[in-house]
Amino acid sequence: MQNEKVIGVDVGYGNTKTANCCFSSGVKKLPGKPPLNSRVIETPTGFYAIGSEKVSVQKSKTDDESMRVLTMAGIAEELRLEGLTTAAIHLGVGVPLTRMGAEKQAFIDYYNRIRHLSFTYEDISYCVDLLSVDVFPQGYAGVVAFMKDFRRSALVIDIGSWTVDILPLAAYIPDQTRCKSLPLGTITCMNDINEALRQKFGQDADETTIKDVMIHGTSDIPGDYLSVIRTCLMAYVTNLMDQIRALNFNPDLTQFVFIGGGACIIKHFLPEKDKKNCLIFDDVHINAKGYEDLIRRRIGGTI
């Protein structure tokens, strides 16, 4: 009998996250088996390099096989941590709350179309059966376990690669009439940073360098480059807070709860005086962990 597991996979346009792993959401189909096996997956449809380039923004992630390929890579990363190559899985994935009505069933149908997954990841063969597929609202799923610490009026702000998804909570219940998705994700911020660097130095910075400053607040790069990047990140935070206030959310009366990969920017670049009514969860795995927690509650919490 296969090992029964609960695995959450948060497939974003920037990164794919599981409870323990994170890698770039790049998928590139290869003409054949490459000489190196790092982050290479072979499925019945061919060989794919993972993390090579970002997935393009689509009307729906169910339009092609990229999301399935990334999900299989995430499953393999999780199984490898436990020394497993076969498993029967309760899979948890997510969509923004503003898209739940339009996309939930499409996601369920997409994953259920191929319930037996046989593939090779980094030259190790995996055999996985999907026992169930649950689709949860991103952001909300990530904070359910922490809501006991929230104030009765709270605003969950999920900073992703392409968008910032805003979810108001009134007495711990989502107010779906006021949900918003702003085109202010971290990729937009990176583009602004490189534009500023080009104007000053005629040079770009690679994504790894910029992310290092986002995550740690500083870096060992030359000081003049660091100064420009930090200035842009402070401007990004100021603009985001202004946009949120323009939606009539009062940070004095409503607790702001920042989550997602971009929460680290808030941690380092939001002025201390503005943090008095904020919670910051800069764990990039928070949504994937939330999916798993909600599945375990549904099935009894024994796995």
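Here, each number is a calculation from the coordinates, and none is a lab measurement. Predicted model only: the values in this text are computed from it and were never measured. All Cβ positions, even for glycine, are placed from backbone atoms using ideal geometry, and neighbour counts span all protein chains on display.
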Item to complete: Mind giving me the FRET efficiency for S227 and S153? R0 is 45 Å, r the Cβ-Cβ distance, nearest 0.05 is fine.
Response: 0.75
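Which value in deg cm²/dmol, rounded to the nearest 500, describes the helix-derived mean residue ellipticity at 222 nm for the chain, given -39,500 (n - 2.57) per DSSP H run of n ≥ 4 and division by the residue count? Mind showing how you got there, number by number?
Details: 8 runs with 104 residues, N = 303.
Rounded to the nearest 500, the figure is -11000 deg cm²/dmol.
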Worksheet item: Which of P168, P35, P271 moves the most in a Gaussian network model of the chain with Cα springs under 10 Å?
Response: P35
Practice prompt. Please give the helix 207-216 orientation as an angle from the longest Cα principal axis of the chain, in degrees from 0 to 90, rounded to the nearest 10.
Written response: 60 degrees
Worksheet, complete the sentence: Percent antiparallel among DSSP beta bridges confined to region 1-120, rounded to 5, stands at 75 percent
Worksheet item: Long-range amide H contacts for K5: which residues qualify at under 5 Å (H placed 1.01 Å from N, peptide plane, sequence gap of 5 or more or a different chain)?
Response: A88, I89, H90
Worksheet, complete the sentence: Largest fluctuation, V228, V40, V128 only, Gaussian network model of the chain with Cα springs under 10 angstrom, belongs to V228
Worksheet item: Can you work out the base-10 log of I(q)/I(0) for region 65-130 at q = 0.22, 0.26 1/Å, using the Debye formula on its C-alpha atoms alone?
Response: -0.94, -1.19
Worksheet item: Tell me, what HN-Hα J-couplings in whole Hz come from the Karplus equation 6.51 cos²θ - 1.76 cosθ + 1.60 at θ = phi - 60° for each residue of region 128-133, using x for Gly and Pro?
Response: 10, 10, 8, 6, 7, 10
Worksheet entry | Entries of K148/K276; K104/K180; K33/K211; K17/K211 with Cα pairs more than 21 Å apart | K33/K211
Worksheet, complete the sentence: Rounded to the nearest 10 degrees, the helix 186-201 long axis (Cα) sits at an angle to the longest Cα principal axis of the chain of 60 degrees
Discussion item. From the phi angles alone, apply the Karplus equation (6.51, -1.76, 1.60; θ = phi - 60°) to region 63-77 and give each ³J(HN,Hα) in whole Hz, x where the residue is Gly or Pro.
Written reply: 6, 9, 8, 4, 5, 5, 4, 5, 5, 4, 5, x, 4, 4, 4
Practice prompt. Treat the count of other C-beta atoms within 10 Å as a stand-in for reagent exposure and order V213, V156 from fewest to most.
Written response: V213, V156
Worksheet item: Taking all pairs of different Cα atoms in region 150-283, averaging 1/r and flipping that mean, what Kirkwood radius in angstroms comes out?
Response: 15.3 Å
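Taking 0.36 nm per residue of sequence separation and subtracting the Cα-Cα distance, how much length would be gained by fully extending the chain between K33 and Q199, in nm to one decimal? Don't skip to the end; give the middle numbers.
On the way: separation 166, 0.36 × 166 = 59.76 nm, distance 4.14 nm.
Using 0.36 nm per residue and subtracting the Cα-Cα distance, I get 55.6 nm.
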Worksheet item: Could you list log10 I(q)/I(0) for region 223-273 at q = 0.22, 0.29 Å⁻¹, which the Debye formula gives when each Cα is one point scatterer?
Response: -0.88, -1.25
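GluC sites (Glu not before Pro) within region 1-103: which are DSSP loop residues with at most 16 other Cβ atoms inside 10 Å?
Values: sites: E4, E42, E53, E65, E77, E78, E82, E103; in loops: E65, E82.
Loop-located and lightly packed - E82.
May I ask for the Kirkwood hydrodynamic radius of the chain, worked out over all distinct Cα pairs and given in angstroms to one decimal?
20.3 Å
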Worksheet item: Under a 5 Å amide H to amide H cut-off, with H placed in plane at 1.01 Å, what residues pair with N37 once short-range neighbours are removed?
Response: none
Worksheet, complete the sentence: For region 251-257, Karplus-derived ³J(HN,Hα) couplings (6.51, -1.76, 1.60; θ = phi - 60°; whole Hz; x for glycine and proline) come out as x, 6, 10, 10, 6, 8, 10
Discussion item. Going by Cα centres, region 204-279 and region 69-108 are how many Å apart?
Written reply: 29 Å
Worksheet item: Which longest uninterrupted range of the chain lacks any trypsin sites (Lys or Arg not before Pro) assigned by DSSP to a loop state (not H, G, I, E or B) and surrounded by at most 16 other Cβ atoms within 10 Å?
Response: 153-274
Worksheet item: In nanometres, what is the gap between the two model label sites at K180 and D274, each 7 Å from Cα along Cα-to-Cβ?
Response: 1.4 nm
Practice prompt. Find the eigenvalues of the gyration tensor of the Cα atoms of region 4-137, then list the square roots of 5 times those eigenvalues as equivalent ellipsoid semi-axes, largest first, in whole angstrom.
Written response: 22, 18, 13
Practice prompt. Specify the residue with the greatest mean-square fluctuation among S125, S66, S25, computed from a Gaussian network of the chain linking alpha-carbon atoms under 10 Å apart.
Written response: S125
